[in-house]
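Since the structure comes first, as C-alpha cells, the remarks are kept for the end.
The values are calculated or read from the model by the stated rules, or taken from the named source; none is laboratory data. Worth saying up front: this structure is predicted, and the values here are computed from it rather than measured. FYI the Cβ positions are ideal-geometry reconstructions off the backbone, even for glycines, and counts take in every protein chain you see.
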Amino acid sequence: MNECRILSPLGMLGYGFPMESFEAGLARHPHLIGADAGSTDGGPHKLGAGVGIVSRAATKKDLGAIVRGGLAVGAPVVIGSAGGSGAAAHMAWTRAILEEILREHGGRVCVAYVHAELDKEFLKAELAAGRIRPLRNVPVLTDKAIDSATSVVGQMGAEPIIRALEAGAQIVVAGRAYDPACFAAFAIWKGFPAGPAWHLGKILECGALCAVPGSAGDAMWGVLRHDGFTVEPLNATRVCTETSVAAHTLYEKSHPYLLPGPGGTLDLSQCTFRQVDDRVVEVKGSRFQASRPYTVKLEGAELVAYRTVLVCGVRDPVLIAGLEAAEAAVVTRTREYFEHIAPADYQILFHHYGVDAVMGSSEPLRGTGLPHEVGLVMEVVAVTQEMADTICAFARATLMHHHYTGRKATAGNLALPFAPSDVPLGPVYRFNVYHLLEVENPCAIFPVELVEYGA
C-alpha cells in the first residue's frame with residue numbers, strides 16, 4: 001500500500017456526527033473506520049462504577065451508522081476503549097448494543113472482542129515478581145489496593161488489535177486501549193511507519209477538533225503515507241490550518257514533544273506542518289522510539305465515599321466579601337451539631353464560581369475585585385449516602401440563615417434554583433491503580449474473542 005485512508009467520524013462514540021460528513025468520507029473509500037469510545041478525562045467514576053460515559057441511545061445511534069457504513073464499503077471498523085473505560089462491564093454493555101445493531105442489519109459479520117480487564121491474582125503475582133511500578137507521584141502498589149479496586153484494566157497498544165484484524169475481524173471492539181490505537185493499529189499492520197501512524201491516530205481520535213472551527217462531533221479524513229500524512233475535515237464549513245493542527249498536537253500532553261504510550265514514546269520534536277491547500281495540512285517528521293521493556297499502563301478505581309451537592313447563588317455583596325468566614329462558621333456549627341460523627345467520616349467543601357472555583361488557590365485574579373454574584377456549590381463527601389444527605393441538609397439550612405456582620409434582611413442568604421435543593425450524587429471513586437506493568441508479549445494479557453454473527 002502506498003497510502004492508508006482512514007475515516008474518523010467523531011471524537012468520542014456517542015458524541016454524534018453529521019451524516020453528510022460521514023457519507024463524504026465513505027465516498028472516498030476508506031481502508032479503515034476508527035472511533036475512540038473512552039478516556040480517563042472524566043476521572044475514575046466510570047471505571048469504578050462500571051458505567052458508560054455517554055448514553056446508550058447515543059452510542060447505538062453512532063455505532064449503528066459506523067457499522068453499517070463500514071460493512072457497506074468493506075472497511076474494517078475498530079472501536080477503542082469500549083463503553084468508556086473498557087472493563088468487562090463496559091465491554092458487555094457495548095456488546096449488547098452491537099448485537100442489537102447486527103440483528104437489525106442481518107448478514108454474516110465477524111466481530112473480535114479484545115478484552116482488557118485483568119485478573120487480580122495475576123496482578124498480585126506480577127507485583128510480587130517486581131514487574132509493576134508506579135507512575136510519577138503515585139504510591140507503590142499493594143495487594144490491598146488491587147483487591148479494593150472494583151476492576152483493573154490494562155491500556156492496550158496496537159498489537160492486540162492487529163491480532164484481531166489478522167484473524168479476519170470486520171469489526172473490532174477493544175477494551176481499554178491507548179486512544180490512538182484504534183487508528184494506528186491497522187496502518188502499522190499494513191507496514192506503515194509507527195511514528196506517523198501514531199501521530200495521525202492522535203489527531204484522528206478527537207474527530208475534527210484540530211479543524212477551524214473545531215468539533216469533536218464531526219468527521220476527519222486522514223491519509224497516511226510512508227513519509228508522513230495529511231488531515232482534512234470532511235465538513236465543508238471547516239478547514240485545517242498549520243496552526244490548528246500544530247496546536248492540537250499539544251493536546252493532552254505533559255511534554256510538548258514527547259508522548260509516551262504502550263511500548264514506546266512518540267517523538268514530535270522534528271515535526272513540520274505544511275499547508276497543502278486551504279483545507280488540508282501535511283505533517284512530516286513524526287518518530288516513534290520503542291522502549292524495552294514493553295510497558296502497559298494499569299488503571300483501577302476504588303470506592304471511597306458518597307457525595308451530595310447543593311447548587312445555589314449568592315448576590316449580597318456583604319456576604320460575598322465575607323463568604324469564606326461564613327462558610328467556616330457553618331462548618332464549625334455543623335461539626336458541633338454532629339459531634340457523634342467522627343470528623344474523618346465526612347468533608348464539607350465549597351466551590352465559588354465567579355471567584356476561584358476552576359483554579360482554586362492557583363487563580364491569578366483572586367483578590368483583584370469582588371464579583372456582583374457568586375455561583376456556590378457546596379459539596380459534602382461522607383462514608384455513607386445517608387450521612388452525606390443529612391450533613392448537606394443541615395449545612396445548607398445553617399448557611400441559608402447564617403447571620404453575618406452587615407446583614408439586614410432575614411429572608412435568606414441563598415438563591416436556590418432547584419427543588420429539591422440537595423442532590424445526592426452517589427458513590428465517589430478514586431484511582432488507586434495507576435501503574436506500569438512490564439510485559440514480554442503485548443498481546444498475552446489482552447485475549448481476542450472471535451464471534452461469527454449470522455453464520
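A compact table of results
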quantity	calculated
Identity of the residue in the range 392-407, more than 19 Å from Ile320 (Cβ to Cβ) and of a type outside the set (Phe, Trp, Tyr), that ends up surrounded by the most Cβ atoms within 10 Å (Cβ to Cβ)	Cys392
Answer from Ala96, Ala169 - the residue that is buried (at least 20 other Cβ atoms within 10 Å of the Cβ) and either modelled with pLDDT under 95 or closer than 30 Å to Lys60 by Cα (or both)	Ala169
Close pairs (6 angstrom Cβ cut-off, 6 or more residues apart or separate chains): under 14 Å from Leu298 (Cβ atoms) in the range 107-135, of a type outside the set (Ser, Thr, Tyr) and surrounded by fewer than 17 Cβ atoms within 10 Å (Cβ to Cβ) anywhere	Glu117/Ala88; Lys124/Asp143; Arg131/Glu438; Pro134/Val140
Residue list for the range 350-380, restricted to those being in a loop (DSSP other than H, G, I, E, B), within 26 Å of the chain's Cα centre (by Cα) and exposed (fewer than 13 other Cβ atoms within 10 Å of the Cβ)	Val358, Met359
Flag for Gly426 being under 30 Å from Ala382 (Cβ atoms), within 27 Å of the chain's Cα centre (by Cα) and not polar (S, T, N, Q)	yes
Qualifying positions in the range 197-225 - in a loop (DSSP other than H, G, I, E, B) and surrounded by fewer than 24 Cβ atoms within 10 Å (Cβ to Cβ)	Cys206, Leu209, Pro213, Gly214, Ala216, Gly217
Residue satisfying all of: in the range 51-67; hydrophobic (A, V, I, L, M, F, W, C) and within 30 Å of Phe431 (Cα to Cα); surrounded by the most Cβ atoms within 10 Å (Cβ to Cβ) among these	Leu63
Criterion: part of a loop (DSSP other than H, G, I, E, B), surrounded by 21 or more Cβ atoms within 10 Å (Cβ to Cβ) and at pLDDT 95 or above - qualifying residue of Gly38, Gly48, Gly70, Gly86	Gly86
Residue in the range 333-345 that is part of a helix (DSSP H, G or I), surrounded by 19 or more Cβ atoms within 10 Å (Cβ to Cβ) and touching a strand residue (DSSP E or B) at 6+ places or on another chain (Cβ under 7 Å) present	yes
